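First the structure, in the form of structure tokens, and then the observations on it.
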Amino acid sequence: MLETLGALAEPTRLRIVEVLGQRPRSVGEICDELSLGQPQASKHLRVLRQTGVVEVEAKAQRRIYSLRAAPLRELNAWLERYRRIWDERLDRLDEVIEGIKEEENRHGRRKRR
Amino acid sequence: MAAGREGETTGRTSMERTSDTELVMTRTFRAPARIVFDAYTRPEHVKRWWAPASRGIALVQCEADVRAGGTYRYVLGSGGEVVAAFSGSYLEVEPPTRLVYTQVFEAFPGAEAVVTVSFEEKGGMTTLVAHERYPSKEALDGAVAAGMEEGARESFEQLDRLVTSLRG
């Protein structure tokens, strides 16, 4: 999980993942799409492979890279947790607001400082 | 079919990434705007809702001088240690309808976001819309590198769409 996050935290790698999200591509296509040099692209693809974010398949002497769904699904679950942090935070805000309302009903509106 | 879904329907908070650098959160409360505005801004109230207490994290410091040009600082702590600190200054303060402030995660001072919050009251209910804008997509991505809570959530919104497309 943390490895996936680390691999995607690098902006170029995130862009590679975005490009591969459209469809599988060769290194050359990735380079063209993102205006990257081949050594640079290869370096990033190696990291993405090592963390299991992408996989490679040899096809007619070309190496085609594609995304693997599993680590990204895991990441998505993590993202959901983050969203829930905000939802929970605003649930608590809701409780605070209800508390203020009750207080006002009991004592009338207090003079604001 | 979830494809193309932008907002999030879990819970009562909707969340939408409107561009590479912007995020909009919306939530409606059963109270007049003046109460929601106070609850959102005044430290004695903020202390009770901002920190994820269920995860053992508390708001150990909360200072806010809520007026245009004033500053604020929220410090999250856990077990006596500082987890993260957020600070910024208020650009516009118009109670109870509008609030604009800067937000910096102090570990990444270069990635300052501008947050515009509107409080729209209608029939005794108030809809809070918080719009966060970062200086660049890279500012978000950079923030994610160290697991910044606020930034990570947003940057990975785009991955959400990607994952959705992989589900089929």
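The values are calculated or read from the model by the stated rules, or taken from the named source; none is laboratory data. None of the values given here were measured: they were computed from a predicted structure. Ideal geometry is used to build each Cβ from the backbone, glycine not excepted, and the neighbour counts take in all protein chains shown. The area values use the complete protein model at the heavy-atom level, side chains included, leaving out ligands, DNA and RNA. Shrake-Rupley method; radii C 1.70, N 1.55, O 1.52, S 1.80 Å.
With springs only between Cα atoms under 10 Å apart, run a GNM on chain A and tell me which of A:Leu72, A:Leu34, A:Leu48 wobbles the most.
Maximum among the listed residues: A:Leu34.
Heads up, I need the accessible area for A:Leu90: 1.4 angstrom probe, whole protein in place, Å², nearest 10.
Roughly 0 Å² of A:Leu90 is accessible to a 1.4 Å probe.
Once you average over the residues of B:39-51, how many Cβ atoms of partner chains fall within 10 Å of each Cβ?
4
If packing is taken as the mean number of other Cβ atoms within 10 Å per residue, what is the order of B:78-91, B:30-43, B:105-118, highest first?
B:30-43, B:105-118, B:78-91
Over the whole of A:6-18, what's the average partner chain Cβ count within 10 Å per residue? Rounded to a whole number, please.
That works out to 4 on average.
Under 10 Å, Cα contacts only: if you run a Gaussian network model on chain A, which one of A:Glu102, A:Glu74, A:Glu18 comes out with the highest mean-square fluctuation?
A:Glu102
Ordering B:Met25, B:Met125 from largest to smallest accessible area (1.4 angstrom probe), what's the sequence?
The ordering from most to least exposed comes out as B:Met125, B:Met25.
Can you give the average number of partner chain beta-carbon atoms within 10 Å of each beta-carbon in peptide A:39-45, as a whole number?
0
At 1.4 Å probe size, with no ligands or nucleic acids counted, give the accessible surface of B:Lys122 in Å², nearest ten.
Looks like 150 Å² after rounding.
Which FRET efficiency value, to the nearest 0.05, do you get for B:Arg30 and A:Ala60 by plugging their Cβ-Cβ distance into 1/(1 + (r/R0)^6) with R0 = 51 Å?
My answer for the efficiency is 0.20.
Enter the accessible area of A:Glu33 (Å², nearest 10), with the probe set to 1.4 Å and all protein chains included.
100 Å²
Under 5 Å between amide hydrogens, which residues at least 5 positions from B:Thr28 or on another chain qualify, with H placed 1.01 Å from N in the peptide plane?
B:Leu128
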